[in-house]
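To keep things clear, I will list the structure first and then write my remarks on it.
The values are calculated or read from the model by the stated rules, or taken from the named source; none is laboratory data. Note that the structure is a prediction, hence the values are computed from the model and not measured. All Cβ positions, even for glycine, are placed from backbone atoms using ideal geometry, and neighbour counts span all protein chains on display. Heavy atoms of the whole protein, side chains included, go into the accessibility calculation; ligands, DNA and RNA do not. Shrake-Rupley method; radii C 1.70, N 1.55, O 1.52, S 1.80 Å.
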Amino acid sequence: MTTTTVVHLVRHGEVYNPEKVLYGRMPDFHLSDRGREMADMAADWFEGHDIAALYSSPLDRTQETAEPLQKRTDLPVTLDDRLVEAANQFEGMSLSVRSVRDPYVLSRVYNPFRPSWGEAYTEIVQRMVEVIKVARRAAWGREAVCVSHQLPIWMARRAAEGKRLWHRPDLRECNLASVTSLTFVEQRLASVSYAEPAASLYGDGPGVPGA
């Protein structure tokens, strides 16, 4: 008999961010009312799943997204720094199309393949792989949930699918409160799937900055 384990990577819900700040790892950015609805819908999506372990990035918005699932499963939430948002030198800024003329921005966008303005894609993959392995061991034969952020989840997915890491940010398939699921047979990755439990709340507007 083989053992199947699933590690779900959940992105946090919408953040209250009226100034459209690229908040990155900044503290005190909390879920909006709609973001809390998204977190509830993500927790509802896991109804009937055999969740054995629950992890979260230490940032406010991810812990708040994990909270409804924690209440449903009565599992402790383990905070893990490896799930944190990617480091970014534009953190705290409100970027727009005019930002391309900002000398500070221009001096940091010389290498989109690393990328030069933030944490290297390879470093993000390394830490995400480490925590996925930890979650897989903790939930062996069952399921684990890791609540994280758009870029770390997208990097983990692209690495799992054997794709190059550099990419167009506007083409990431990792929407708010989405679930990217990695299914392992023993220690071998067997499949990757994606779901959007809160899709009905997205609306038609642009994405929310900050990831």
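In the stretch 54-68, what residues are touching a strand residue (DSSP E or B) at 6+ places or on another chain (Cβ under 7 Å) and either open to solvent by 10 Å² or more (accessible area, probe 1.4 Å) or of a type in the set (Val, Ile, Thr) (or both)?
Listed by number, the residues that qualify are 55, 58, 62, 63, 64, 65.
Would you please name the residue that is surrounded by the most Cβ atoms within 10 Å (Cβ to Cβ), looking only at residues in the stretch 69-120 that are touching a Pro at 6+ places or on another chain (Cβ under 7 Å) and either at pLDDT below 90 or not in a loop (DSSP other than H, G, I, E, B) (or both)?
Step by step, filter the stretch 69-120, then rank; the result is 83.
Conditions: (1) open to solvent by less than 30 Å² (accessible area, probe 1.4 Å); (2) of a type outside the set (Phe, Trp, Tyr); (3) at pLDDT 95 or above. Residue 211 meets all but one. Number of the miss?
Looking at each condition in turn, residue 211 falls short on (3).
Looking only at the stretch 53-68, count every residue that is of a type in the set (Gly, Ala, Ser) and not in a strand (DSSP E or B) and tell me the total.
2
Which number in (1) assigned to a loop (DSSP other than H, G, I, E, B); (2) surrounded by fewer than 16 Cβ atoms within 10 Å (Cβ to Cβ); (3) out of contact with any strand residue (DSSP E or B) (no Cβ under 8 Å at 6 or more places or on another chain) marks the one condition that residue 130 misses?
(1)
With (1) open to solvent by less than 20 Å² (accessible area, probe 1.4 Å); (2) of a type outside the set (Phe, Trp, Tyr); (3) part of a loop (DSSP other than H, G, I, E, B) as the list, and residue 35 as the residue in question, which single condition is left unmet?
With (1) open to solvent by less than 20 Å² (accessible area, probe 1.4 Å); (2) of a type outside the set (Phe, Trp, Tyr); (3) part of a loop (DSSP other than H, G, I, E, B) applied to residue 35, the lone miss is (3).
Across the stretch 141-174, what is the number of residues that are open to solvent by 30 Å² or more (accessible area, probe 1.4 Å), touching a helix residue (DSSP H, G or I) at 6+ places or on another chain (Cβ under 7 Å) and touching a residue at least 24 places away in the same chain (Cβ under 8 Å)?
3
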